[in-house]
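Here is the structure we will look at.
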Number of protein chains: 2
Amino acid sequence: LDTNLKKVVLVVAYDGANYCGFQFQPDAASIQGELEKALFRLTGENTRVAGASRTDSGVHARYQVVSFRTSSDLEPDVYVRALNHFLPQDIAVKAAYKVNRDFNVQRQAVSRMYEYCILNSSVRDPLRRLYAFQVHGQLAVEAMNQAARLLVGEHDMASFVTDFSQSVIKSTVRQVFAAQVEQREDLIVFNIHAKSFLPHQVRNTVGTLVRVGMNKIDIKEFETILEAKRPGLAGPTVPAWGLFLMQVNYPRPLGEYYDEDL
Amino acid sequence: LDTNLKKVVLVVAYDGANYCGFQFQPDAASIQGELEKALFRLTGENTRVAGASRTDSGVHARYQVVSFRTSSDLEPDVYVRALNHFLPQDIAVKAAYKVNRDFNVQRQAVSRMYEYCILNSSVRDPLRRLYAFQVHGQLAVEAMNQAARLLVGEHDMASFVTDFSQSVIKSTVRQVFAAQVEQREDLIVFNIHAKSFLPHQVRNTVGTLVRVGMNKIDIKEFETILEAKRPGLAGPTVPAWGLFLMQVNYPRPLGEYYDEDL
């Protein structure tokens, strides 16, 4: 272990449209890959970037948290300016912090917040076409909100997973702190705040909520799906472009995980 | 004059990024050109589309009003659905109305509303990069708002025109009903409501207001620029991608300009 290695945390935002997701893939552009390329150009080091939440292909982030190790002594604000210079326009570093080497962006995160935007209109909106999923028929927002609130608490979310076959998930129990559906002008917005999420959980949840909003299933049937704990029951999976990672929360502000003595 | 020709008005919205502007140009994609192509595919007629406000290259519209003549007997809601089918995803028809043949979308409009979005942040926002102009240093919003309010009333706006040489403008006097600058989260938004506008007027106005916000000029100097009535004094011209045509107003709702007997 190189004792000269420091750990740095970045808050990043991105438009996910042109990426295969957060996670590195050899033949496709990824958020992780772009961050690692920019870090190489800045520090000359090949470093691995870890993310707090692995967003899927096409999913956006307003506030994602990543970390990396480096032997460079650059100040946090230099990372912000220099990385934004090297990164493509659809990825930005919003802030940087020195942290202790034992700080883990994924394990120490206490919760994540996601938002999903539905354009509920019979006519498309050219200015939102890349950031909201269009549903034509009028949705019953209050019924969707009532169904969403059933998710709050500790639940086995197995029904909201598409497929377990390739997964290494130990438990499908997840703790949800808040979930709601609200109308904002012509958008219907779903917000969910949870300790962590299963793959495709948010998009399968929204797909099921849309079925509630269309009166294809009632709230009781939504509850039955939740309680069945059976993969594939929920959905359909709504498109990635309506989904935003809004926040990753830690017990303390990110600036308070650095101790000069360590 | 073909007495069988009817007139139809459309409310359209578009993302201006991929267009040379509203007005037809032979070698570039325009909003007018795309609407005319879609109408040809729907009705088989070569018809000319007139717009209430000629947006420049890159400028967006949430509510633009256009009209065309046709001999077809399609109902308004058929135009909405069929044209949205033929149009590219970054242009949409929001509504259609039959109007009397003497209705003129440009002459009968009593006012237009434009909005300009500034991202006031040292860090870019990947999710707004196509819809807001970034200004790094912190802007004095209240000073900008006070300067904006000087525009209200009837003024000779000659200073806010870039160049008269190629222009056929008879008068540079314009009537402004309202103008304001306000902070909305990390955006600074300029709204202006006027009877009509000169070419580049809004973008040159915003460029001048940004100079006020940066304390490069004070409110008194802004007033001096306005009162000088000299082309080229204002500016710089801020980029097109922050500008949105928000509304075109008529004395009556667009659905009330059709008389069965005419």
For this session: Among what's in region B:42-57 and is under 18 Å from residue B:84 (Cβ atoms) and assigned to a loop (DSSP other than H, G, I, E, B), pick the residue that is most open to solvent (accessible area, probe 1.4 Å).
Result: B:47
For this session: May I ask you to list the residues in region B:214-261 that are closer than 19 Å to residue B:161 by Cα, under 23 Å from the mean Cα position of the chain (by Cα) and free of Cβ contacts under 8 Å to residues at least 40 places away in the same chain?
Result: B:236
Exercise. Going by the conditions given, is residue B:39 within 14 Å of another protein chain (Cβ to nearest Cβ), part of a helix (DSSP H, G or I) and in contact with a strand residue (DSSP E or B) (Cβ under 7 Å, 6 or more places away or on another chain)?
Worked result: no
Exercise. Looking only at region A:1-36, which residues are within 23 Å of residue B:124 (Cβ to Cβ), of a type in the set (Asp, Glu) and assigned to a loop (DSSP other than H, G, I, E, B)?
Worked result: A:15
Seminar exercise, completed: Checked against (1) under 30 Å from residue B:215 (Cα atoms); (2) open to solvent by 10 Å² or more (accessible area, probe 1.4 Å); (3) in contact (Cβ under 8 Å) with a residue 40 or more places away in the chain, residue B:144 satisfies every condition except (2)
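If only one of B:163, B:125 is assigned to a loop (DSSP other than H, G, I, E, B) and surrounded by fewer than 16 Cβ atoms within 10 Å (Cβ to Cβ), which one is it?
Matching residue, one of B:163, B:125: B:163.
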Problem set entry | Residue within region B:15-22 that is among the hydroxyl-bearing types (Ser, Thr, Tyr) and more than 14 Å from chain A (Cβ to nearest Cβ) present | no
Seminar exercise, completed: Within region B:64-115, of all residues that are polar (S, T, N, Q) and either within 13 Å of chain A (Cβ to nearest Cβ) or part of a helix (DSSP H, G or I) (or both), the one least open to solvent (accessible area, probe 1.4 Å) is B:64
Exercise. Out of curiosity, is residue A:137 more than 13 Å from chain B (Cβ to nearest Cβ), free of Cβ contacts under 8 Å to residues at least 40 places away in the same chain and open to solvent by less than 60 Å² (accessible area, probe 1.4 Å)?
Worked result: no
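Going through B:214, B:246 one at a time, which residue ends up being within 19 Å of residue B:141 (Cα to Cα) and at pLDDT 95 or above?
Numbers: B:246 fails: within 19 Å of residue B:141 (Cα to Cα).
It is B:214.
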Exercise. Listed residues A:168, A:152; which is among the aliphatic types (A, V, I, L, M) and at pLDDT 95 or above?
Worked result: A:152
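The values are calculated or read from the model by the stated rules, or taken from the named source; none is laboratory data. These numbers were taken from a predicted model, which means no experiment stands behind them. Please note: Cβ atoms are built from the backbone with ideal geometry, for glycine as well, and neighbour counts cover all protein chains shown. For the accessible areas, the whole protein counts, side chains as well, though only heavy atoms, and no ligand, DNA or RNA atoms are used. Shrake-Rupley method; radii C 1.70, N 1.55, O 1.52, S 1.80 Å.
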